[in-house]
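Presented below is the structure to which this report refers.
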Amino acid sequence: MEFLEKLSLAGLVPVIAINDAEDAVPLCKALSDGGLPVAEITFRTAAAEEAIRRVHQELPNVLLCAGTVLTCEQVDRAVNAGAAAIVSPGLNPEVVKYCIARNIPVCPGTANPSDIEAALSLGLNAVKFFPAETLGGLKLIKAMAAPYTTVKFMPTGGINEKNMLDYLAYDKILCCGGSWMVPADAVAAKDWARITELTRSAVNTMLGFELRHVGVNCENADESMAVCRKLSALLNWPIKEGNSSNFVGTGFEMMKKMGRGRNGHIAIGTNSVKRAKWHLEQRGFKFIEDSAVEKNGKLIAIYLEDEIGGFAFHLVQK
């Protein structure tokens, strides 16, 4: 899988400046513990190269980028230390060509259509958009994306937990970069637990998990309808008949035959099935690939491999 595709599945890229290389590993572990094994370590500090090296050696599963890379010499230092991709605040053709010639993923900064055309001329179809909110945010990205239909954007600058869902909902957004999960005072105090909690909150907001419905296995259509009538009488919710199941309201589905799961299934809604699947895989969960359902080329549902409490679980697109 291409590295930038992995960043897209991660959804969020914490942008961090490290003054003390000793902080790099515990900080990135805190991010991983919060559900985000990703980091863009910027070359704004003298400790950047050593920080990248330590994270690469001790936390090899972290998707590691080098940020604020301004020169070809910094590219070499970052990659030799273990960075898998290069990110820059602006578009320096020399740096981009240097990376491309060495098959190093690179995501240069852009701010206007001219920058995007320069990126396209160099063979890129993914760019950073920086500083995002200052330049006009999602509104400007949508305006620029209209004529440049193949380009994906990584907005950074002013992104936070309150506005990130607006960005991520747009299909031209590769991922969002931000630093709100790693506030400077928490890093200075080595408050890794706080960073973990901020990261967990960001990931939970991004994925947006919520219970959609509970499916109960019934032996046949008659049993399905009988159970529906009892639930409908209890809750005063309407019954909606279907081909393979009947619903009571939107929260209960009574199968007309024994389906997945010993007792039935539970549907979990999410803002992005594809992204949620990747995140759950990082947590050790596996999926039944042939259960995947797509619509218009987009993954909209898939079952987990293991049952939990006698129920099969599946993700479903909100």
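The values are calculated or read from the model by the stated rules, or taken from the named source; none is laboratory data. Remember, it's a predicted structure, so these values are computed and weren't measured experimentally. Glycine also receives a Cβ, built like all others from the backbone with ideal geometry; neighbour counts cover every protein chain displayed.
The rows are residues; the columns are (1) among the aliphatic types (A, V, I, L, M); (2) in a helix (DSSP H, G or I).
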residue	(1), (2)
Ala143	yes, yes
Pro147	no, no
Thr150	no, no
Ile159	yes, no
Leu165	yes, yes
Asp185	no, yes
Glu197	no, yes
Arg200	no, yes
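Pick from region 171-199 the residues that are surrounded by 16 or more Cβ atoms within 10 Å (Cβ to Cβ) and among the charged types (D, E, K, R): which of them is farthest from Ile300 (Cα to Cα)?
The extreme case among them is Arg194.
Among the listed residues Glu281, Glu294, identify the single one that is surrounded by fewer than 20 Cβ atoms within 10 Å (Cβ to Cβ) and part of a strand (DSSP E or B). Step through it out loud before you land on a result.
Numbers: Glu281 fails: part of a strand (DSSP E or B).
So the residue among Glu281, Glu294 that is surrounded by fewer than 20 Cβ atoms within 10 Å (Cβ to Cβ) and part of a strand (DSSP E or B) is Glu294.
Applying the selection to region 17-31, what residues are buried (at least 18 other Cβ atoms within 10 Å of the Cβ) and either among the aliphatic types (A, V, I, L, M) or within 23 Å of the chain's Cα centre (by Cα) (or both)?
Ala17, Ile18, Ala21, Ala24, Leu27, Cys28, Lys29, Ala30, Leu31
Of the residues Gly157, Gly136, which single one is out of contact with any strand residue (DSSP E or B) (no Cβ under 9 Å at 6 or more places or on another chain), modelled with pLDDT of 95 or more, on the phi > 0 side of the Ramachandran plot and assigned by TED's automatic domain parsing to the domain that holds Thr45?
Step by step, each of Gly157, Gly136 is checked, and only Gly136 is out of contact with any strand residue (DSSP E or B) (no Cβ under 9 Å at 6 or more places or on another chain), modelled with pLDDT of 95 or more, on the phi > 0 side of the Ramachandran plot and assigned by TED's automatic domain parsing to the domain that holds Thr45.
Would you pick out the residues in region 91-116 that are surrounded by fewer than 14 Cβ atoms within 10 Å (Cβ to Cβ) and not polar (S, T, N, Q)?
Scanning region 91-116 gives Pro93, Glu94, Ala101, Arg102, Pro113.
Quick test of your reading of the structure: Ala101 fulfils all but one of (1) of a type in the set (A, V, I, L, M); (2) without any contact (Cβ under 8 Å) to a residue 24 or more places away in the chain; (3) touching a helix residue (DSSP H, G or I) at 6+ places or on another chain (Cβ under 6 Å). Name the failing condition by number.
(3)
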